[in-house]
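Undergrad: Quick one: structure below, then a few questions.
All of the numbers you see were taken from the coordinates with simple rules; none came from a lab. What you see is a predicted model, and the numbers here were worked out from it, not measured in a lab. Reconstructed Cβ throughout: ideal geometry from the backbone, glycine too, with neighbour counts over all protein chains shown.
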Amino acid sequence: MPSGVLILPLLGGYFFLSWCKITRYFIRKDDRERLIFGSALIGFALLLAARSIVVMLGYIWPELYQWKSNLADIPYLGAASLALLLGVGLVWPINRLIGRDTEIRWTIRLSDNPMERLLHSAELQGRQVLVTLTNNKVYAGPVLWCPMALTRTGSHIEIAPYLSGYREPDTHNLIFDTFYSEALEQLRRDDEGLVSLDQSDFSKVIPVSNIMTIGFFEPSAYLKFQEMNDQTVE
């Protein structure tokens, strides 16, 4: 097979890995060696499938070979081109069958990054997280969206803060000074035009590089700990 023709199934493997919900997590890990090897492996499988289809069509429709030869008499060009088309075309039906929840579960199972697993679990379960930034600013609320892989440069997450505040520089004690639910209710009462506002309208997009610590946040547990601390102080 001419080496120039091999680029077509390789591209088919790359497009499949990049766009398919089953495999695109690996692409977003930003591992070039894994990307090249994966594209070659998928491309080889696509080429085998394409070659089988071309041979079968040759028996059923002999004129196909004559048409291909008149177009370009390059060995295996038809199978290589079909492999590229399969790599692109198979993505749509597969992605239609796989929802974001399934993709998140798949990512949680495969990820070796604790922050990825925590954020995806929070998004999947609708749980709140407590995010402390490098400037000691703190946000607490549910995760609206996070990328499948956080290791890529410039990755961001989006949360809908219910509470925000800061950590004291010396003691790192947590102080909440903004309560978005109360602010939202006040805005709705003061202005009828803001009735349609909801919590997501206050969403914050946070660069992953700015996150110092992150964990699950349970308001009831936080209040209980605060109550216990107050009793200890007394």
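Undergrad: Using only the alpha carbons of the range 116-186, what is the convex hull's orientation-averaged projected area in square nanometres?
TA: For the range 116-186, averaging the hull's shadow over all directions gives 5.7 nm².
Undergrad: HN-Hα J couplings of the range 116-130 from phi, Karplus 6.51/-1.76/1.60, θ = phi - 60°, integer Hz, Gly and Pro as x?
TA: For the range 116-130, the Karplus-derived couplings read 4, 4, 5, 5, 5, 5, 5, 5, 5, 9, x, 8, 8, 10, 10 Hz, x marking Gly and Pro.
Undergrad: If amide H atoms are built 1.01 Å from N in the plane of the peptide, which residues on other chains or at least 5 residues away come under 5 Å of the amide H of PHE217?
TA: Long-range HN contacts for PHE217: GLN128, VAL129, LEU130.
Undergrad: Okay, moving on. Under the rule of at least 5 residues apart or a separate chain, name every residue whose amide H is placed under 5 Å from the amide H of SER155.
TA: Counting only residues 5 or more places away or on other chains, the set is VAL208.
Undergrad: Can you list which of the trypsin sites (Lys or Arg not before Pro) found in the range 97-189 are DSSP loop residues with at most 15 other C-beta atoms within 10 Å?
TA: ARG127, ARG152
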